[in-house]
1. So Glu70 passes all but one of these: (1) more than 17 Å from the chain's Cα centre (by Cα); (2) without any contact (Cβ under 8 Å) to a residue 24 or more places away in the chain; (3) assigned to a helix (DSSP H, G or I). Which condition number does it fail?
2. Does Thr73 satisfy the condition of being farther than 30 Å from Asp106 by Cβ and surrounded by fewer than 12 Cβ atoms within 10 Å (Cβ to Cβ)?
3. Can you name the residue in the range 18-41 that is among the hydrophobic types (A, V, I, L, M, F, W, C) and buried (at least 17 other Cβ atoms within 10 Å of the Cβ) and is also farthest from Val88 (Cα to Cα) among such residues?
4. Which is of a type in the set (A, V, I, L, M, F, W, C) and at pLDDT below 90, of Ile12, Ile42, Ile74?
5. Out of the residues in the range 81-112 meeting the condition of being more than 11 Å from the chain's Cα centre (by Cα) and part of a helix (DSSP H, G or I), tell me which one is nearest to Ile12 (Cα to Cα).
6. Can you confirm whether the range 22-34 contains a residue that is basic (Lys, Arg), more than 14 Å from the chain's Cα centre (by Cα) and modelled with pLDDT of 80 or more?
Amino acid sequence: MQGIAAVALLFIGTLFVADHHDRETFLAVVGGFSMVFAGVGIVVGVWFWTACSGDIRRWRDWRTITGQYEGVTIMAPVLVRAGVLALVLFPGALGLYHLVDNAAYDSWLYGS
C-alpha cells in the first residue's frame, strides 16, 4: 500500500514539473534511483537479516540495544521494507514515463 501511495505522490509531483523534457527526465531519474535503491535495500537488508540469526527488532525497540553491533537488528527490516517500497515505485515511475512520453502534444499530461 505504501508503494502505491508513493506512485500516486509521484504522479502529483510530476504535474508540478512544467516542461515536457524536464518531466520525462524527472520520471527517468526517480525510476533509476528507485531501481538502484530497491536492489541495494533488499540485498543489504536480507544480508543483515541473516546476520541477525533471528533477533529482529522493530524501530520502536531502538532503546533495547545494548551492544555496538545490535543496530543491525533494527536496520534489517527497515532496509527490506524501504527496498520493497522502491521496488513498487520503479515500475510506477517507468509507466508514468511512458504515459508522459506518449501523451498528445496539446494534453495536460504532455506539459508545456
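The values are calculated or read from the model by the stated rules, or taken from the named source; none is laboratory data. Fair warning: this is a prediction, and the values are worked out from it, not measured in the lab. For neighbour counting, all protein chains shown are included, and Cβ atoms are generated from backbone atoms with ideal geometry for every residue, glycine included.
1. Answer for Glu70: the failing condition is (3).
2. On the way: farther than 30 Å from Asp106 by Cβ: yes; surrounded by fewer than 12 Cβ atoms within 10 Å (Cβ to Cβ): no.
So Thr73 fails the test.
3. Phe26
4. Numbers: Ile12 fails: at pLDDT below 90; Ile42 fails: at pLDDT below 90.
The unique qualifying residue is Ile74.
5. Here the residue is Leu96.
6. yes
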